[in-house]
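Each reported figure results from applying straightforward, stated rules to the coordinates on display, with no laboratory input. Keep in mind that what you see is a predicted model, and the values were worked out from it rather than measured. As a convention, Cβ positions derive from the backbone with ideal geometry for all residues, glycine included, and neighbour counts pool all protein chains shown.
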Amino acid sequence: MDADVLIIGGGIAGLSLAWALAPARRVVLVEAEPGLARHTSSRSARQMQPNYGPPAIRELTLRSIAMVEEISAGLPAPILKPRPLITLGTRDEVEALLAGHPSLTRLTHAETMARSPELRAEKFQVAALDDTAKEVDVPALLDFYRTHALAGGAAILTGSPATEAAPDGQGGFTVTAGERSISARVVVNAAGAWADGMARLFGAQPRGLVPYRRSVAIVSTEHPVDPAGPMVEPADESYYYRPDGGHLLISPCESVPAPAGDAQVVVEDIARLIRRIGEVTTVGPAGVVRAWTGLRTEAADGLPVVGFDSLVPNFFWLAGQGGYGIQTSAALATLSAQLIRGGLAETDAGLAAALSPQRAGLGRPAPA
Ligand SMILES: Cc1cc2nc3c(=O)[nH]c(=O)nc-3n(C[C@H](O)[C@H](O)[C@H](O)COP(=O)(O)OP(=O)(O)OC[C@H]3O[C@@H](n4cnc5c(N)ncnc54)[C@H](O)[C@@H]3O)c2cc1C
C-alpha cells in the first residue's frame, strides 16, 4: 500500500490532519486500537476556552473556534454551544488574571452569585468571566474530521499498530502496521502519549513528552443544576465543574506523570473532589454516574511539538497537545497541512517556530 502521507494515530490530532490533507494528498491513517479515538480524545472535558493557555495556544484556539463554527454551519446540530467560564478568587487573584487576559470581564460577588447561585457566598470574593468559552460536541467533531477525510480519499485502518519502520531508499519509509506494509513519503507522528516511543521507532530523538493523567467524573446532585449554567473553577485551577446532561461534570485537575496506556481512574481523587464540591456549592453532589481518566501529553514548555524533524527527513511531529488538543485541533491540523504541503503563510512563520520540534528546551528527561 502506498501513501503520500502516513498518519500514525487515530485520535483528534491524526483525524483532523487527515481531514486537512485529503484530497490534496493520498493519506493513510493507522490506529492501533480496534476503534478510533479510544484514548485521550474521547476522555476530555469537551471545552474550547479562548483564554486558556499560553499565547500560541490562545491564538490557535481562536482560529479553531472560528473554523469549527464554519464547519458546524453545514451540520444538522451545532458542534459548539456557549459555556461561559467563571474563575473565582480573591480580589488580587482576579485582578492578576484580568491584567493578562483583556477579553475577560470582572464580576462582582453579587454578579457571580447571580450567574452561579449554587456557590456558597463565603468561598470567594470576586470572579472573572470568559463569555466566549464553548462546550464542544467532541464525537460530532471527530465524526466530521473522519467522514471528510474518507470523502477526500483517505484510507483509515483501525486495529493496525505501527510496529516497524525502515527507510525505503527514496527518502520515505516502509512501515509495518498490523498485517500491512505501507510505503509513505512522509510519516506523521500523531501517537499521543506514545509519541516519543514512536519517534524512537523512526530513529528520531524523543522530545521529552510526558503523559500526565487527569480525570473527569459525572456526578448526580441532590439539587437540580441549571443546564445552561457556566463552568466554574478557582483561580488556582485545582478543580472545575459544569452542568452536563442534568448532572455535574467535575474534575480534580490532577496532573500526575503516568505511562502511556489505558489510564484508569484513581477513586480517591474523585471522592476528595466530591467532598470539596460539597464544601464550595450547595448542589449536594451524590453518586458517581461515570468517571474516566485520560493522558495529557506535554513538552517541558507546555506547547505542542509540530513540524518536520530536522535529523530524520520526512518524519513530522504532531504531538504534545497537553490539555489543548480539542480546542486547537482545526488550526493545528491546518498549520501542519501547510507545513507538509509547503505554502506556510508568512504570518504563521513565528507560530511554526514556537511549535518547532527543533526549538530550545525540549528533550528533558521524564520525571522519576
Ligand atoms: C481529563 C481531560 C480533560 C481534557 N479536556 C480538554 C478540553 O476540555 N479541551 C481540550 O482542548 N483538550 C482537553 N484535553 C486534552 C485533549 O483531550 C488532548 O490534547 C487530545 O485528545 C490529544 O489528542 P491526540 O490525538 O494527540 O491523542 P489520542 O487521542 O490519545 O490519540 C493518539 C492515538 O494514537 C494511537 N497510537 C499510539 N501508538 C500507535 C501505534 N504504534 N500505531 C497506531 N496508532 C497508535 C493511540 O491508540 C491513540 O488512539 C483533556 C484531556 C484530559 C485527559
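Along each principal axis, taking the top coordinate minus the bottom one, the Cα set of the range 295-341 gives 28, 22, 16 Å in descending order. For the range 125-135, the Karplus equation 6.51 cos²θ - 1.76 cosθ + 1.60, evaluated at θ = phi - 60°, returns couplings of 9, 9, 8, 10, 10, 9, 7, 9, 6, 10, 9 Hz by residue, with Gly and Pro reported as x.
Relative contact order of the chain: 23 percent, from C-alpha pairs under 8 Å at least 6 residues apart in sequence.
Would you calculate the convex hull of the Cα atoms in the range 269-366 and tell me its volume per residue in Å³?
About 170 Å³ per residue, rounded to a whole number.
Look at the alpha carbon pairs under 8 Å that are at least 6 residues apart: their mean separation over the length of the range 13-123 gives a relative contact order of 13 percent. Of Pro224, Gln205, Ala235, which is farthest along the charge dipole of the range 175-249 in the positive direction, counting Lys and Arg as +1 and Asp and Glu as -1 at C-beta? Of Pro224, Gln205, Ala235, it is Gln205.
When the Kirkwood radius is taken over all Cα pairs of the chain, what Stokes-Einstein diffusion coefficient follows at 37 °C and 0.692 mPa s, in µm²/s? Rounded, D is 154 µm²/s. Amide H to amide H, with H built 1.01 Å from N, Gln125 comes under 5 Å of Gly89, Thr90, counting only residues 5 or more places away or on other chains. Its DSSP H runs of at least 4 residues, each contributing -39,500 (n - 2.57), put the calculated 222 nm mean residue ellipticity of the chain at -8500 deg cm²/dmol, to the nearest 500. If the chain linking Trp292 and Asp2 were pulled fully straight, counting 0.36 nm for each residue of separation and taking away their Cα-Cα distance, it would gain 100.7 nm.
With the largest listed first and rounded to whole Å, the semi-axes of the equivalent ellipsoid of the range 150-305 from the Cα gyration tensor are 41, 17, 13.
In plain terms, if you count all Cα to Cα distances in the range 47-141 and split them into 10 Å steps from zero, the share in each step is 16, 40, 28, 15, 1 percent. With the largest listed first and rounded to whole Å, the semi-axes of the equivalent ellipsoid of the range 17-78 from the Cα gyration tensor are 23, 18, 15.
Sorted from longest to shortest, the spans of the Cα atoms of the range 86-141 along the three principal axes equal 39, 28, 14 Å.
Please pull out the direction-averaged projected area of the range 219-307, using the convex hull of its alpha-carbon atoms, in nm² to one decimal place. Computed as one quarter of the Cα hull surface, the answer is 7.5 nm².
All distinct Cα pairs of the range 177-238 go into the 1/r average, and the inverse of that average, the Kirkwood radius, is 16.7 Å.
With the Kirkwood sum run over all distinct C-alpha pairs, the range 82-218 has a hydrodynamic radius of 19.9 Å.
Whole-Hz Karplus values for the range 348-360 come out as 9, 4, x, 5, 4, 5, 5, 9, 4, x, 8, 5, 5 Hz, taken residue by residue from phi with 6.51 cos²θ - 1.76 cosθ + 1.60 and θ = phi - 60°; glycine and proline positions read x.
Distance from the Cα centre of the range 335-349 to that of the range 21-99, in angstrom? If we compute the Cα centre of each part, the gap is 20 Å. Relative to a virtual label point 7 Å from the Cα of Leu157 in the Cα→beta-carbon direction, which members of the range 31-49 show backbone nitrogen distances below 18 Å? Residues 31-37 fall inside that zone. Under 5 Å between amide hydrogens, built in the peptide plane, is the criterion, and for Asp168 it picks out Phe173, Thr174 among residues at least 5 positions away or on other chains.
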